[in-house]
Amino acid sequence: MISVSRAVTPEPADVPYSPDPVGPAGRIGLITLATDFNSEDDLRAILPGDVRLFTTRIENANPVTVANLQSMAADLPRAAKTLLPGYGVDVAIFGCTSGTAVTGSDKIAELINQGMPGTKVTNPLLASELALRAVGAQKIAILTPYLADVTQSVADGFHQRGFDVTRVMGFGLDNDFDMTALPPKALLEGALKVDTPDADAVFISCTAIRSAEIIAEAERRLKKPVITSNQALIWHALNLIGYKNPITGFGTLFDHAPQPTNQVEVP
């Protein structure tokens with residue numbers, strides 16, 4: 001004889017509670033690349049626990065060339081619309097330094113605001129420029145994981161913003177997997193190698209590389225500020241939402257506030 005269980009009527013949980021705030025100190029939205037293996041981990045490692053990171057992805061493809069970087073910008077408005085629709089974020093981050101360099105910081109913000117009107121926006125090039133000014137750097141050495149032409153576009157971006165670039169080096173990689181696979185030790189050695197005596201700071205470009213964990217050691221050995229894409233992004237985003245609690249372990253940048261700049265982006 002087959003027994004048949006009767007349907008169970010759902011009951012209300014009837015548990016008293018007060019809702020916990022989600023990201024009580026702020027919500028940061030990240031638009032990262034479909035091929036990015038690293039930026040979410042890097043950013044969350046730096047981010048304080050009372051600020052939440054929410055992620056969406058933009059369509060792109062390897063190899064990382066100037067042409068491919070330029071073409072992916074068209075997907076930014078669509079991607080921005082998928083960041084907590086109906087709730088929104090306090091600031092939106094575009095997580096690609098080289099993509100910003102070839103498209104332009106103002107254009108990136110314009111495209112994101114098409115999908116998220118009125119939202120504050122930052123990107124690695126803008127955040128890093130402000131970070132370098134905050135630590136008082138005028139002359140900078142630049143390390144990247146990119147091919148030569150992409151590396152050149154990043155260096156040109158900083159030159160156009162009024163910085164003197166003393167040396168530029170790239171690892172010559174053309175895809176995000178290989179960039180994330182770069183050992184932090186290699187990035188540290190690269191930072192030490194690219195530095196010049198007259199450089200006020202070293203900038204390590206790219207959100208896809210694991211550079212956050214080597215900042216403190218690089219600064220200790222170089223005895224000067226070290227700015228990385230993801231570090232600068234979190235620093236700038238936290239300043240945009242008015243976050244005041246201290247951040248430690250990720251470089252002297254977090255001891256500084258952004259400085260006003262009248263620098264105009266050169267097309």
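The values are calculated or read from the model by the stated rules, or taken from the named source; none is laboratory data. Note that this is a predicted model, so its numbers are computed, not measured. Cβ sites come from the backbone with ideal geometry, for glycine too, and all protein chains shown count toward neighbours. All accessible areas refer to the heavy atoms of the entire protein, side chains included, with ligands and DNA or RNA removed. Shrake-Rupley method; radii C 1.70, N 1.55, O 1.52, S 1.80 Å.
Provide, as a two-decimal number, the C-alpha radius of gyration of the stretch 10-82 over 2.2 N^0.38 Å, N being how many residues it has.
Ratio of Rg to 2.2 N^0.38 Å for the stretch 10-82: 1.58.
Using modelled backbone amide H atoms (1.01 Å from N, in-plane), which distant-in-sequence or interchain residues come within less than 5 Å of ILE58's amide H?
HN-HN under 5 Å from ILE58: THR32, LEU33, ALA34.
Using amide H atoms built 1.01 Å from N in the peptide plane, name the residues 5+ places from VAL121, or on other chains, whose amide H lies under 5 Å from its own.
ALA92
Non-local amide H neighbours of ALA208 (under 5 Å, H modeled in plane, Pro and chain starts lacking H): which ones?
Hits under the 5 Å cutoff: none.
Take the alpha-carbon centre of the stretch 1-55, take the same for the stretch 152-205, and report the distance between them in whole Å.
The stretch 1-55 and the stretch 152-205 have Cα centres separated by 36 Å.
Which percent of the accessible heavy-atom area of the chain goes to carbon and sulfur, probe 1.4 angstrom?
Carbon plus sulfur share of accessible area: 53 percent.
Take the chain, mark every one of the chymotrypsin sites (Phe, Trp or Tyr not before Pro) that falls in a DSSP loop and has at most 13 other Cβ within 10 Å, then report the longest stretch left between them, sites excluded.
Longest gap between qualifying sites, sites excluded: 88-267.
How much length, in nm to one decimal, is gained on full extension between ASP174 and ALA257, taken as 0.36 nm per residue of separation minus their Cα-Cα distance?
Answer, rounded to one decimal: 26.5 nm.
If you line up the Cα atoms of the stretch 78-185 on their principal axes, what length do they span on each, largest first, in Å?
Computed over the Cα atoms, the extents are 45, 33, 24 Å.
Send over a whole-number figure in Å² for the accessible area per residue of the chain, probe 1.4 Å.
47
Counting DSSP beta bridges in the chain, what percent are antiparallel, to the nearest 5?
In the chain, approximately 0 percent of DSSP beta bridges are antiparallel ones.
Each residue of the stretch 163-174 in order: what ³J(HN,Hα) in whole Hz does its phi give by Karplus 6.51 cos²θ - 1.76 cosθ + 1.60, θ = phi - 60°, with x for Gly and Pro?
8, 8, 9, 8, 6, 10, 9, x, 7, x, 9, 10
Given the Cα-Cα distance of VAL15 and ASN245 and 0.36 nm per residue of separation, how much length would full extension add, in nm?
Taking VAL15 through ASN245 to full extension adds about 79.4 nm, to one decimal.
Taking N as the number of residues in the chain, what is its Cα Rg relative to 2.2 N^0.38 Å?
Its radius of gyration relative to the 2.2 N^0.38 Å reference: 1.13.
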